[in-house]
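The values are calculated or read from the model by the stated rules, or taken from the named source; none is laboratory data. All of these numbers come straight from a predicted model, not from anything done at the bench. Using ideal geometry, Cβ is built from the backbone for each residue, glycine included, and neighbour counts are taken over all protein chains shown. When the accessible area is computed, the model is the full protein with side chains, heavy atoms only, and any ligands, DNA or RNA have been set aside. Shrake-Rupley method; radii C 1.70, N 1.55, O 1.52, S 1.80 Å.
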Protein chains: 2
Amino acid sequence: MANVKRQLRQANIGVNEIPERWYNIIPDLPEPLPPPMDPPKGESRLANLPKMLVKECLGQEMSTAQWIDIPDGIQELFQKAGRPRPLFRATNLEKALDTPARMYYKSEFFSPTGSHKVNTALAQCYYAKKEGYRRVTTETGAGQWGTALAYATALTGLKCTVYWVRAVHDWKPDRKSYMELLGAEVYASPSPKTEFGKSLYSKDKKHPGSLGIAITEGLEDAIKNSSDTVYCLGSVLNHVLMHQTIIGLETQKQFALFDDYPDVVISCLGGGSNFGGFAIPFLGDVLMGEKGKPTISGNYKKIKFIAAQSQSAPNLQGEYKYDFADHGEMTPLLKMYTLGHQAKMAPIKGDGLRYHGASPILSLLRYKGYIDTVAYPADEKDVFAKAKLFIQNEGFLPAAESAYSVAAAIDEAIKCKEEGKAKTIAFNISGHGFMDISGYRDVLGS
Amino acid sequence: MANVKRQLRQANIGVNEIPERWYNIIPDLPEPLPPPMDPPKGESRLANLPKMLVKECLGQEMSTAQWIDIPDGIQELFQKAGRPRPLFRATNLEKALDTPARMYYKSEFFSPTGSHKVNTALAQCYYAKKEGYRRVTTETGAGQWGTALAYATALTGLKCTVYWVRAVHDWKPDRKSYMELLGAEVYASPSPKTEFGKSLYSKDKKHPGSLGIAITEGLEDAIKNSSDTVYCLGSVLNHVLMHQTIIGLETQKQFALFDDYPDVVISCLGGGSNFGGFAIPFLGDVLMGEKGKPTISGNYKKIKFIAAQSQSAPNLQGEYKYDFADHGEMTPLLKMYTLGHQAKMAPIKGDGLRYHGASPILSLLRYKGYIDTVAYPADEKDVFAKAKLFIQNEGFLPAAESAYSVAAAIDEAIKCKEEGKAKTIAFNISGHGFMDISGYRDVLGS
């Protein structure tokens, strides 16, 4: 970019330069990833997996191939979703912080539905359609995943059924209308549509529900109608994180345009899909570089990885052990950092971070010392005040969850100032906050 | 793009290929643009203009230069705002309509605040800052312009005061919080902050206000504090439309990547800033081509231009005459198609289209037969149903105003099917609807 007359504030690759393969970190992990297991008692969850998940995704979940081709059809869907998304240099924020750090943020907020969730939703729906399914089911908590799946089904010609935790469903009429505009059927959970839901709903029509209950309803619906229906999951699993590596792979190419490369890589972490998608290609560079192998980006540097979390759900500070992925114990056991699958977690605006466990891949890397974590107070005042500083300098409105990523990046930039170090800080903004503004108002009081 | 393996669904130019000049159509108009005039009676409005507007913008307003350089500082602001924005091929919508037409849409919805308004807000604030102003004032109706100006002041280090029609202000608490997050001071208008506002407010603290009253307050505030404060306007004026030509100029370069060029160019039209910004470079091609001159894009074709409007405010079907730009008669008279500056207009969700007059440049071109218009019923059922078809096929959520652009594009594509003509249709989506979802729900009833 030597012929640039003015300072580059943003860089993007061409539509033809969107990465054509996903990076699967499993073969590069420092030790083998502990496999999912059945609990000692009860029905086999593993045996049910083929009835629950899209076949191609189940294959990817277990794959040890380092690279997996992105089919042309998914590449085209990524184009329709507006990929590639620019990488921004936070020049105004750097100035406001008077930091020697160079700060860069990735713009997943430029997604059609407003979050990074569409990346795996499109992939899963593409494969589901190809395998002959006519409908997908899922659960949703905050609503971002349900919206992304509704979007992906609209683009791939599938039907979509969303079981939405009633306590959230009832106060987000706009998001519900949005899913319905996209063509989805949305049920407050527990619902009378499933046997499990009915057992609760018949006793209490205002039952607030939970993510665990909604997962159970989504799974029951898919398993009972498995001839034409399949379940989709938005985080935690290996294949979901792999689909999301498109974020980090694009970011690496964009850093080359800036002729820079990060010392610090930051994102927020609930189940791990956006943190993983952003960080895994950089983690791959580190793991390969350590072994003296050629790296993905061509760079090798010790990178500090920081997962930004809430003290409401600091799952990376939990215990590293086998646990269920859901409250209702329908899933296999996964080896992960967990707060316990029935842990109580205080409500926060960044509801997408309120999950008891971190994805097995990221948990292993945390266990091996590759990932640091910071947990912000659950009143969220610190996080939202820092997000406000970002908004007033860079002008973009982060989602409540993404505000944690912003806060951690600002904290690192302040450290750089204190230590007089000109580090390069990369952070991901996983979604926009146009539907979260009342959260800012509630926390900041204006 | 001969080496593309898959069908192109989206095209974008590089960050370094953002147009470096705005196109000023004034010297290419088929006849001289009638200048603004003073009304026969009362104080001179023209004499007040230098106290109202940024000097550089006033110069541009009168300029007869065909091209005006975009300063490096504004180019950098455009980068920070995420320009260039992709041009999408509406492949799924084409299929759903079973039309031979090729449909393309420009994605101004990928703006930081959600609309095209930021393009001129950034330019005006850049010049205001350079001229030593410390604060800008404005009015806003639906709220898009106020938000865009708040954003631009945040990025350029100015203060911002927004007078917001109380009737809208009171039911959009999220948008108000958003402007405040960006650092703006927002007053429901009429407000006690100005003499004119106070005269109304003191009699009725719940006075619903009007755009005319809010303009008057913004102007009074700027004129009274003209040592450090200036007024900014978001539409109608020549320099505003010129700043917006960045949209159409980018689009022309993107069409070259598709190896295509439009037969039909469509957008919605209230005062004219988004329609003008999108269409004027193509109108320039037509005007130059007719005279046998080299054109901007290198193409010359008879293009059909369609302005999508509401029957609530079909200003292009009004009378072509001199009229005030505001209800309160503070502005000079402009020669334009108008419904009368005190016309009553039924409320619609696409509130940004509810303006009595069309910009002088577009009015002249309409008068000379270059621009067609279509006005959709004010119940908006037809428009929103067509927008829903777009959402379910292309996945993006248009703003209520942009839904008119989508509806007109769909109508043209249906005509193409009926006539068996494979036309190329280009339409602009000026903003996203994340803050308009209740409008969809109200109109479509779900």
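Residues are listed down the side, and each one gets a yes or a no for (1) in a loop (DSSP other than H, G, I, E, B); (2) under 18 Å from B:Ile13 (Cα atoms):
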{"site": "B:Gly209", "(1), (2)": "yes, no"}
{"site": "B:Ala214", "(1), (2)": "no, no"}
{"site": "B:Glu217", "(1), (2)": "no, no"}
{"site": "B:Ala222", "(1), (2)": "no, no"}
{"site": "B:Ser226", "(1), (2)": "yes, no"}
{"site": "B:Gly234", "(1), (2)": "yes, no"}
{"site": "B:Ile246", "(1), (2)": "no, yes"}
{"site": "B:Thr251", "(1), (2)": "no, yes"}
{"site": "B:Gln254", "(1), (2)": "no, yes"}
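Do we have B:Lys349 as within 14 Å of chain A (Cβ to nearest Cβ), part of a helix (DSSP H, G or I) and within 27 Å of B:Lys106 (Cα to Cα) here? Considered against the rule, which asks whether it is within 14 Å of chain A (Cβ to nearest Cβ), part of a helix (DSSP H, G or I) and within 27 Å of B:Lys106 (Cα to Cα), B:Lys349 comes out as no.
Condition first: in contact with a strand residue (DSSP E or B) (Cβ under 6 Å, 6 or more places away or on another chain) and among the aliphatic types (A, V, I, L, M). Can you find one or more residues in the stretch A:108-123 that meet it? So far as the stretch A:108-123 goes, no, none of its residues is in contact with a strand residue (DSSP E or B) (Cβ under 6 Å, 6 or more places away or on another chain) and among the aliphatic types (A, V, I, L, M). Counting only helices (runs of 4 or more DSSP H) that fall entirely inside the stretch B:117-195 and contain at least 3 residues that are modelled with pLDDT of 95 or more, away from chain A (no Cβ under 14 Å) and surrounded by 23 or more Cβ atoms within 10 Å (Cβ to Cβ), the qualifying elements are B:118-130.
So, A:Arg441, is that one at negative phi and surrounded by 19 or more Cβ atoms within 10 Å (Cβ to Cβ) or not? In short, no.
For the criterion of being within 13 Å of chain B (Cβ to nearest Cβ), more than 19 Å from A:Leu257 (Cβ to Cβ) and touching a strand residue (DSSP E or B) at 6+ places or on another chain (Cβ under 6 Å), A:Phe88 fails.
Take the residues in the stretch A:410-433 that are within 14 Å of chain B (Cβ to nearest Cβ) and open to solvent by less than 10 Å² (accessible area, probe 1.4 Å), then tell me which one is nearest to B:Ser115 (Cα to Cα). Per the criteria, the residue is A:Gly433.
The rows are residues; the columns are (1) at negative phi; (2) within 14 Å of chain A (Cβ to nearest Cβ); (3) in contact (Cβ under 8 Å) with a residue 40 or more places away in the chain.
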position: B:Leu8; (1), (2), (3): yes, yes, yes
position: B:Glu31; (1), (2), (3): yes, no, yes
position: B:Met37; (1), (2), (3): yes, no, yes
position: B:Ala47; (1), (2), (3): yes, no, no
position: B:Ile68; (1), (2), (3): yes, no, yes
position: B:Pro71; (1), (2), (3): yes, yes, yes
position: B:Gln75; (1), (2), (3): yes, yes, yes
position: B:Phe109; (1), (2), (3): yes, yes, yes
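The condition of being without any contact (Cβ under 8 Å) to a residue 12 or more places away in the chain, surrounded by fewer than 23 Cβ atoms within 10 Å (Cβ to Cβ) and away from every other protein chain (no Cβ under 14 Å) holds for only one of B:Lys55, B:Lys51, B:Lys41, that being B:Lys41.
In the stretch A:288-312, what residues are open to solvent by less than 20 Å² (accessible area, probe 1.4 Å) and either in a strand (DSSP E or B) or touching a Ser or Thr at 6+ places or on another chain (Cβ under 6 Å) (or both)? Result: A:Met288, A:Gly289, A:Phe305, A:Ile306, A:Ala307, A:Ala308, A:Gln309, A:Ser310.
Answer with yes or no whether A:Cys232 is open to solvent by less than 30 Å² (accessible area, probe 1.4 Å), within 14 Å of chain B (Cβ to nearest Cβ) and within 24 Å of A:Gly59 (Cα to Cα). Considered against the rule, which asks whether it is open to solvent by less than 30 Å² (accessible area, probe 1.4 Å), within 14 Å of chain B (Cβ to nearest Cβ) and within 24 Å of A:Gly59 (Cα to Cα), A:Cys232 comes out as no. When the residues of the stretch B:356-375 are narrowed to those that are among the hydroxyl-bearing types (Ser, Thr, Tyr) and within 17 Å of B:Pro36 (Cβ to Cβ), which ends up farthest from the chain's Cα centre (by Cα)? Once the filter is applied, the top-ranked residue is B:Tyr367.
Among the residues making up the stretch A:333-365, those that are farther than 15 Å from A:Gln311 by Cα and touching a strand residue (DSSP E or B) at 6+ places or on another chain (Cβ under 6 Å) are A:Leu333, A:Lys335, A:Met336, A:His341, A:Pro360, A:Ser363, A:Leu365. Taken over the stretch B:10-29, the criterion of being modelled with pLDDT of 95 or more, open to solvent by 20 Å² or more (accessible area, probe 1.4 Å), within 14 Å of chain A (Cβ to nearest Cβ) and not in a loop (DSSP other than H, G, I, E, B) is satisfied by B:Glu17, B:Arg21.
When A:Ala407, A:Ala387 are checked against the criterion of being over 19 Å from A:Gly248 (Cβ atoms), touching a strand residue (DSSP E or B) at 6+ places or on another chain (Cβ under 7 Å) and more than 14 Å from chain B (Cβ to nearest Cβ), a single residue qualifies: A:Ala407. Note on the stretch A:32-86: no enclosed helices (runs of 4 or more DSSP H) hold 2 or more residues that are within 30 Å of B:Leu93 (Cα to Cα) and of a type in the set (Gly, Ala, Ser). State yes or no: is A:Phe275 of a type in the set (Phe, Trp, Tyr), assigned to a helix (DSSP H, G or I) and over 20 Å from A:Pro360 (Cβ atoms)? It is false that A:Phe275 is of a type in the set (Phe, Trp, Tyr), assigned to a helix (DSSP H, G or I) and over 20 Å from A:Pro360 (Cβ atoms). The sole residue among B:Asp285, B:Asp221 that is free of Cβ contacts under 8 Å to residues at least 40 places away in the same chain and open to solvent by less than 20 Å² (accessible area, probe 1.4 Å) is B:Asp285. Of the residues making up the stretch B:313-333, those that are in contact with a Gly (Cβ under 9 Å, 6 or more places away or on another chain), within 23 Å of B:Val374 (Cα to Cα) and open to solvent by less than 20 Å² (accessible area, probe 1.4 Å) number 4. All of A:Lys381, A:Lys344, A:Lys388 fail the test of being in the same structural domain as A:Lys106 (by TED's automatic domain parsing) and out of contact with any Leu (no Cβ under 8 Å at 6 or more places or on another chain), apart from A:Lys344. One residue stands out among those in the stretch A:385-404 that are more than 21 Å from B:Ala148 (Cβ to Cβ) and under 20 Å from the mean Cα position of the chain (by Cα): the one that is surrounded by the fewest Cβ atoms within 10 Å (Cβ to Cβ), which is A:Ala400.
Close contacts from the stretch A:172-191, counting a first residue that is over 19 Å from A:Gly212 (Cα atoms) and outside the structural domain of A:Ser438 (by TED's automatic domain parsing) and a second that is open to solvent by 10 Å² or more (accessible area, probe 1.4 Å) and among the hydroxyl-bearing types (Ser, Thr, Tyr), with Cβ to Cβ under 9 Å and a gap of 6+ residues or different chains, come to A:Pro173/B:Ser438; A:Asp174/B:Ser438; A:Ser177/B:Ser438; A:Ser177/B:Ser446; A:Glu180/B:Ser446; A:Leu181/B:Ser446. Taken over the stretch A:87-108, the residue count meeting the criterion of being under 22 Å from A:Ala121 (Cα atoms) and part of a loop (DSSP other than H, G, I, E, B) is 0.
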